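The values are calculated or read from the model by the stated rules, or taken from the named source; none is laboratory data. If you're wondering where the values come from, they're calculated on a predicted model, not measured in any experiment. Here Cβ is always computed from backbone atoms with ideal geometry, including for glycine, and neighbour counts include all displayed protein chains. Keep in mind that these areas ignore ligands, DNA and RNA; they rest on the heavy atoms of the full protein, side chains included. Shrake-Rupley method; radii C 1.70, N 1.55, O 1.52, S 1.80 Å.
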Amino acid sequence: MKYLDQNLINRLDEKLTRLNALRPLPKSAVEKLREQLRIEMTYNSNAIEGNSLTLKETFLVINEGLTVKGKPLKDHLEAKDHYSALSYLYELTEDGKKNTFSEYLIKQIHTIILQETDKDWAGRYRNSNVIIGGADHTPPDALEVPILMQDLITWISKEKRHMHVVELAALVHHKFVHIHPFFDGNGRTSRLLMNLILMQAGFPLSIVLKNDRKKYYRVLAQADKEKYEPFVRFIAQTVECSLDLYLKTLTPTNKKREKYMKLADIAKDTPYSAKYLNLLSRQGKLEAHKEGRDWVTTKEAVHRYMDSRERQRDVE
Ligand SMILES: Nc1ncnc2c1ncn2[C@@H]1O[C@H](COP(=O)(O)OP(=O)(O)O)[C@@H](O)[C@H]1O
Ligand SMILES: [Mg+2]
């Protein structure tokens, strides 16, 4: 637990425990949630990489088989491929199955991601050098890719025993895109790999939002300089957001649900300003997530934060 704040770890573990306590989860409600996240992740993951389809168009392309006028064929095919890749992840993790990470598994996922748009390079490492648009980091020489990928597999099998799974998933994501083993599709494949690790531990799909692209690139760049905390925290927040969605939807109505509200509305009933709550949210100190452009949290969450501050003071 080197890169993740203990408070945030406790919160994620507690929420996962609460979700697990609701098992067996109601089938149709879970199916709906899964479908929602699957479309949302397909939209966001592709949009981060320049795909022009909107969330709604992605839904129509996947579920109705529609073609959107004026949008490139490639964007349609990418949506379908990403959706298929998620089917593969669900297959891999159904009934609590565990998979050993291997280069084969990584190449399988990459094969699906590029199967309709770049068959020649689907599932094949690059054989020349690349740059990452919008990033300072230059990925290693193509000749080194196979050995670096072997190292990554070894690293995973070693670290998974003593690292928190969210930390492991985030670091695998970064290490993978840092190597950038393929000509294209590295971002999408890495976000799927990260989710495979999370799903095997029982977490729902977590989504890096298109809206957060700037921050995502910024924290990746910090991780390139071995400053991993901001990136790991960023990923942990996406995990918490999906957990919150699951808990909000699946907790039976006879149990008390907490109401998520915008920070400005919450602040009125607390000793804090909306600005300060925003800082705490971004730092992962307060249970909060973004809905659209706004951070939201609950009154109970602010009280839990205040309690934890009290306890910390008692210790000091
Ligand atoms: N500074 C960085 N260091 C490492 N990886 C980065 C950095 N900036 C961006 N990336 C990763 O590179 C990905 C883009 O690579 P690319 O192969 O084009 O993936 P895709 O085709 O799926 O978009 C981004 O999604 C991101 O994960
Ligand atoms: Mg790309």
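Quick look at the numbers
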item: Dipole magnitude of the chain, debye to nearest 20 (Cβ charges: Lys/Arg +1, Asp/Glu -1, about Cα centre); result: 820 debye
item: Hydrodynamic radius of the stretch 201-316 per Kirkwood, over alpha carbon pairs, in Å; result: 15.5 Å
item: Solvent-accessible heavy-atom area per residue, rounded to whole Å², over the chain at 1.4 Å; result: 51 Å²
item: Accessible-area composition of the chain, carbon plus sulfur, in percent [1.4 Å probe]; result: 51 percent
item: Fraction of alpha-carbon pairs over 19 Å apart in the stretch 261-315 - percent; result: 20 percent
item: Interatomic Cα distance distribution for the stretch 14-173, bins of 5 angstrom, percent; result: 1, 7, 12, 16, 18, 18, 14, 8, 4, 1, 0
item: For the chain, Kirkwood radius (reciprocal of mean inverse C-alpha pair distance, Å); result: 20.7 Å
item: Selection of trypsin sites (Lys or Arg not before Pro), the stretch 157-187, meeting DSSP coil and at most 10 other Cβ within 10 Å; result: Arg161
item: Candidates per GluC sites (Glu not before Pro) in the stretch 148-251, loop by DSSP, up to 11 other Cβ within 10 Å; result: Glu226
item: Amide H contacts under 5 Å for Trp295, placed H, 5+ residues apart; result: Leu263
item: Selection from Tyr83, His289, Pro204, by position along the positive dipole direction of the chain (Cβ); result: His289
item: Of Ser28, Ile9, Ile39, farthest towards positive along the dipole that unit charges on Lys, Arg, Asp, Glu beta carbons give the stretch 1-47; result: Ser28
item: Centroid-to-centroid separation of the stretch 224-303 and the stretch 1-26 [C-alpha atoms, Å]; result: 14 Å
item: Label point distance in nm, Leu279-Lys160, each placed 7 Å from Cα along Cα→Cβ; result: 4.0 nm
